[in-house]
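The values are calculated or read from the model by the stated rules, or taken from the named source; none is laboratory data. From a predicted model like this one, the values you see are computed outputs, not experimental measurements. We place every Cβ from the backbone using ideal geometry, glycine too, and count neighbours over all the protein chains shown.
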Amino acid sequence: MIYQGNAITVASNGDNIATLTFDLKDESINKLSSAVVTELGEAVKALEGASDLKGLVIASAKDVFIVGADITEFHGMFSKGEGQIAEMLEQVHGIFNAIEDLPFPTVTAINGLALGGGCEVTLTTDFRVMGDKAKIGLPETKLGILPGWGGCVRLPRIVGADNAIEWIAGGSENRADAALKIGAVDAVVPNEQLEAAALDILARANRGELDYQARRDEKTGPLKLNPIEQMMVFETAKGYVAGKAGPHYPAPIEAIKVIQKGAGEERGRAQAIEAKAFAKLALTDVCYNLVGLFLNDQVVKKKAGQYEKQAQPVKQTAVLGAGIMGGGIAYQSASKGTPILMKDIKEEAIELGLKEARKLFGKQVERNKLTTEQMAEKLSNIRPTLSYGDFGHVDLVVEAVVENPKVKDAVLTEVEGLVDDKAILTSNTSTISINRLAQNLKRPENFCGMHFFNPVHRMPLVEVIRGEKTSDAAVGATVAYARAMGKTPIVVNDCPGFLVNRVLFPYFGGFSMLVEQGADFQHVDKVMEKFGWPMGPAYLLDVVGMDTAVHANEVMAEGFPDRMARDSKTAIQVMYENERLGQKNDKGFYAYEEDKKGKPKKVSDDAAYALVKQVVKEEKTFSDEDIIARMMVPLCLETVRCLEDDIVASPAEADMALIYGIGFPPFRGGALRYIDAMGVAAFVELADGLAEELGPLYAPTDKLREMAKSGDTFYGKSA
């Protein structure tokens, strides 16, 4: 044994070939924590001191290779400032360069995920062989940083600047065939042949058939691009990536600049350029919030996993109510492998649901994600029916009929008598109380809410709503099914609007008051889109549908009359009364025309402005800052109330629900991180100032005032 650590061992075989194996104890995956990086440094020193070695294989004993750096350390590390970040990068560069400079050929055997720092480890060796099911990539830009352990230097010199930019700026995970095509790896083999393939490459290098020294010269020297080629590659890429990333995500463009600045430099200087840019990005609010999102996502997944342990497997499901929503649910279930019955009372509704599913599968075929044979196979997972004949074998039912309590009650009580006693019933309701729907059920413990967001195939969130009598087993089965569908389930307690809609409608309330006081709704949209929302409030209302918004608002006003009931008519109600429902009938706050792809395109409409004038009570001028405050404060305060009322269990789950459910700007981290970033005391002061004029919707809670006085935050000092 050349080296033995907690995560790394180095051993030599009889042919003087060493194998450095990553196998982090007590973990299911390998990750590069600061402790593991220190061990790697020790292991490399041991390799440098070993005699008679003829080669090195870097491998993993786990199902993954290395998933990347230990992101749980990022907030703590980055909070120490630029000097500490630079010191960390210098340490890692020293270790990685030492691997690259070993006096014998080296190869990495990539058996599973090799992401971020794990991918950068593979780039240090002369050769790479990859298992056919493995994936590789540099996703750092998704965390608001860039590859800082040599990825921006080595990858362009291995695969070319254009390919490296695509991988790094896109932050993608890449399959083995794609990696082989661009030369990121030298061979792709089944996992059981990885070791033999790696040893074969080393033997050929030692015989002189493969020139490993030439590989190193390429990786450590300047990029082989003349000035015109450089301009073509980098300037074109910057324009394209800037358009795609948008103004709030600087990391992809910064990564291109780093590759460009380092193109004419040798390894050491290029790495210094990379390190400086990494440290700059690591100290930004965007990075802090995106790292926070990753950590929040881990919290949500861990909680979902705990719920799932309490569940019986869900092997056969059913959706009640076909149409667009039912078809979307059926498609999502079938596409991820859970067979589903799609039941309706009308043949035309069944056909509409099947048409929706076929359309979505067809798009997968167009994008080469599925073959026509695979599409046919997945479509066969959907069985349309007009009867309850096969419902005795169903493990879980999703009721997705019209949003009317009487209709839902009738359908749920009917189906309960036709399914097995252990079957779970769920309602895809966006506002109706789960406790209310459970009143007439014989087994309310087997019932909960399962709120999908539209369009089902795109929106990642599913709210799983626990009623007063809902059992852990029902919640667990519903969470398990949502995860099997590829969704992110977040468990919430019952209240009007649950979590997401309860938080969204105060935001719409802020919008209504702005319009009432003379704000131009199109200007409000532009300000909020510039702030980071995918669409402004007027546009969002058109997408949601004015009928849906009016109905949901009535539920909210009944549940929370002190702050959500309105004495006067709102612009939303005026639109509804004049049958301007939004995209549903091509007119709302905007008019809608079809674009070249057949999608609705919004255009300004004078008729909408004429109707809005009916509710305008005064003519005030609002700055962009005023608009942002008046829109964001009620949304953030309602999120605080949901946390205090135990509707949602943690800040992490609350913020992730808003990001996944309504498109809260990810780079801002969520409503509670937004308050933390502003400072709780500053937020309370802002809210109090608005509440004096605008009333209870803007009034901070007593607990929030206490937090402001004591200097507390929702996420603690470094979370």
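Suppose we filter V401, V365, V415, V419 for residues that are β-branched (V, I, T), assigned by TED's automatic domain parsing to the domain that holds T338 and in contact with a Phe, Trp or Tyr (Cβ under 6 Å, 6 or more places away or on another chain); which single one remains?
Details: V401 fails: in contact with a Phe, Trp or Tyr (Cβ under 6 Å, 6 or more places away or on another chain); V365 fails: in contact with a Phe, Trp or Tyr (Cβ under 6 Å, 6 or more places away or on another chain); V415 fails: in contact with a Phe, Trp or Tyr (Cβ under 6 Å, 6 or more places away or on another chain).
When all the criteria are applied, what remains is V419.
In this structure, is E618 assigned by TED's automatic domain parsing to the domain that holds A699, on the phi > 0 side of the Ramachandran plot and part of a loop (DSSP other than H, G, I, E, B)? Considered against the rule, which asks whether it is assigned by TED's automatic domain parsing to the domain that holds A699, on the phi > 0 side of the Ramachandran plot and part of a loop (DSSP other than H, G, I, E, B), E618 comes out as no.
So is M575 in contact (Cβ under 8 Å) with a residue 12 or more places away in the chain, buried (at least 17 other Cβ atoms within 10 Å of the Cβ) and either out of contact with any Leu (no Cβ under 9 Å at 6 or more places or on another chain) or among the small types (G, A, S) (or both) or not? Step through it out loud before you land on a result.
Details: in contact (Cβ under 8 Å) with a residue 12 or more places away in the chain: yes; buried (at least 17 other Cβ atoms within 10 Å of the Cβ): yes; either out of contact with any Leu (no Cβ under 9 Å at 6 or more places or on another chain) or among the small types (G, A, S) (or both): no.
Answer is no for this residue.
Here segment 341-352 is the region considered, the condition is being of a type in the set (D, E, K, R) and in a helix (DSSP H, G or I), and the residue that is surrounded by the most Cβ atoms within 10 Å (Cβ to Cβ) is E351. Within segment 456-481, the set of residues being over 16 Å from the mean Cα position of the chain (by Cα) and under 30 Å from D542 (Cβ atoms) comprises V464, I465.
Candidates D520, D586, D542, D567: the one that is farther than 20 Å from A610 by Cα, out of contact with any helix residue (DSSP H, G or I) (no Cβ under 7 Å at 6 or more places or on another chain) and not assigned by TED's automatic domain parsing to the domain that holds G449 is D567.
Restricting attention to segment 216-249, which residues are at pLDDT 95 or above, of a type in the set (D, E, K, R) and within 23 Å of T141 (Cα to Cα)? Once the filter is applied, which keeps residues that are at pLDDT 95 or above, of a type in the set (D, E, K, R) and within 23 Å of T141 (Cα to Cα), segment 216-249 yields only K219. With respect to (1) surrounded by fewer than 14 Cβ atoms within 10 Å (Cβ to Cβ); (2) outside the structural domain of M485 (by TED's automatic domain parsing); (3) not charged (D, E, K, R), the lone exception for L295 is condition (1).
Checking the condition in contact with a Pro (Cβ under 7 Å, 6 or more places away or on another chain) and of a type in the set (A, V, I, L, M), which residue from A304, A272, A279 passes? It would help to see each step written out before you state the result.
On the way: A272 fails: in contact with a Pro (Cβ under 7 Å, 6 or more places away or on another chain); A279 fails: in contact with a Pro (Cβ under 7 Å, 6 or more places away or on another chain).
Only one candidate qualifies: A304.
Of the helices (runs of 4 or more DSSP H) that lie entirely inside segment 18-108, those containing 3 or more residues that are under 30 Å from L180 (Cβ atoms) and touching a residue at least 60 places away in the same chain (Cβ under 8 Å) span 82-100.
Does A7 fit the bill of being under 29 Å from R157 (Cα atoms) and touching a strand residue (DSSP E or B) at 6+ places or on another chain (Cβ under 7 Å)? Full working, then the answer.
Values: under 29 Å from R157 (Cα atoms): no; touching a strand residue (DSSP E or B) at 6+ places or on another chain (Cβ under 7 Å): yes.
No.
Considering only residues in segment 98-121 that are surrounded by fewer than 24 Cβ atoms within 10 Å (Cβ to Cβ) and of a type outside the set (A, V, I, L, M, F, W, C), the one that is farthest from the chain's Cα centre (by Cα) turns out to be P103. Taking residues in segment 255-273 that are farther than 17 Å from P139 by Cα, and partners anywhere that are of a type in the set (D, E, K, R), the pairs with Cβ atoms closer than 6 Å and at least 6 places apart or on different chains are I273/K261. In segment 128-157, of all residues being of a type in the set (V, I, T) and under 24 Å from the mean Cα position of the chain (by Cα), the one that is nearest to R215 (Cα to Cα) corresponds to I136. Might you let me know whether segment 353-372 holds any residue that is part of a loop (DSSP other than H, G, I, E, B), modelled with pLDDT under 95 and of a type in the set (S, T, N, Q)? Checking segment 353-372: at least one residue is part of a loop (DSSP other than H, G, I, E, B), modelled with pLDDT under 95 and of a type in the set (S, T, N, Q).
How many of the residues in segment 578-593 are within 25 Å of P405 (Cβ to Cβ) and either of a type in the set (V, I, T) or surrounded by 16 or more Cβ atoms within 10 Å (Cβ to Cβ) (or both)? Of the residues in segment 578-593, 3 are within 25 Å of P405 (Cβ to Cβ) and either of a type in the set (V, I, T) or surrounded by 16 or more Cβ atoms within 10 Å (Cβ to Cβ) (or both).
Among the residues of segment 655-664, is there at least one that is buried (at least 24 other Cβ atoms within 10 Å of the Cβ) and in contact with a Cys (Cβ under 7 Å, 6 or more places away or on another chain)? No. Selection of segment 663-690 for residues being touching a residue at least 60 places away in the same chain (Cβ under 8 Å) and more than 13 Å from M632 (Cα to Cα) yields G663, P666, F667, G669, A677. The single condition from (1) over 21 Å from V291 (Cβ atoms); (2) in contact with a His (Cβ under 8 Å, 6 or more places away or on another chain) that P665 fails is (1). In the set (1) surrounded by fewer than 13 Cβ atoms within 10 Å (Cβ to Cβ); (2) without any contact (Cβ under 8 Å) to a residue 24 or more places away in the chain; (3) farther than 19 Å from L697 by Cα, the condition left unmet by E625 is number (3).
Within segment 326-340, the set of residues being assigned to a helix (DSSP H, G or I) and under 10 Å from V398 (Cβ atoms) comprises G326, I329, A330, S333.
What number of residues within segment 7-56 satisfy the criterion of being closer than 20 Å to A109 by Cβ, among the basic types (K, R) and surrounded by fewer than 22 Cβ atoms within 10 Å (Cβ to Cβ)?
So in segment 7-56, the residues closer than 20 Å to A109 by Cβ come out as 7-24, 27-32, 36, 39-40, 43-44, 46-47, 50, 53-56.
Checking the rest, the ones that are also among the basic types (K, R) come to 31, 54.
Filter again for surrounded by fewer than 22 Cβ atoms within 10 Å (Cβ to Cβ), leaving 54.
So the answer is 1.
Checking each residue in segment 59-69 for being surrounded by fewer than 18 Cβ atoms within 10 Å (Cβ to Cβ) and either under 25 Å from K45 (Cα atoms) or hydrophobic (A, V, I, L, M, F, W, C) (or both) picks out only A61. You will find that of A400, A423, A410, the residue that is more than 21 Å from R383 (Cα to Cα) and of a type in the set (G, A, S) is A410 and no other.
Checked against the criterion of being under 29 Å from A474 (Cβ atoms), among the aliphatic types (A, V, I, L, M) and buried (at least 17 other Cβ atoms within 10 Å of the Cβ), the candidates L370, L386, L396 yield just one match: L396. Counting just the residues of segment 520-543 that are under 16 Å from Y590 (Cα atoms), of a type in the set (A, V, I, L, M) and buried (at least 22 other Cβ atoms within 10 Å of the Cβ), which one comes out nearest to the chain's Cα centre (by Cα)? This residue is L540. Counting the residues of segment 204-236 that are without any contact (Cβ under 8 Å) to a residue 60 or more places away in the chain and closer than 29 Å to D15 by Cα gives 8.
Is one or more of the residues making up segment 76-90 touching a Ser or Thr at 6+ places or on another chain (Cβ under 7 Å) and over 28 Å from A263 (Cα atoms)? Within segment 76-90 (the criterion being touching a Ser or Thr at 6+ places or on another chain (Cβ under 7 Å) and over 28 Å from A263 (Cα atoms)), the answer is yes, since at least one residue qualifies.
Hey, can you tell me all the residues within segment 695-706 that are in a helix (DSSP H, G or I) and crowded, with 20+ Cβ neighbours inside 10 Å? Before you say what the answer is, go through the steps one by one.
Initial filter on segment 695-706 (in a helix (DSSP H, G or I)): 696-698, 702-706.
Within segment 695-706, L697, Y698, L704 qualify.
The residue pairs whose first member lies in segment 606-617 and is of a type in the set (K, R), whose second member is part of a loop (DSSP other than H, G, I, E, B), and whose beta carbons are closer than 9 Å, counting only pairs six or more residues apart or on different chains, are K617/Q517; K617/G518; K617/S568.
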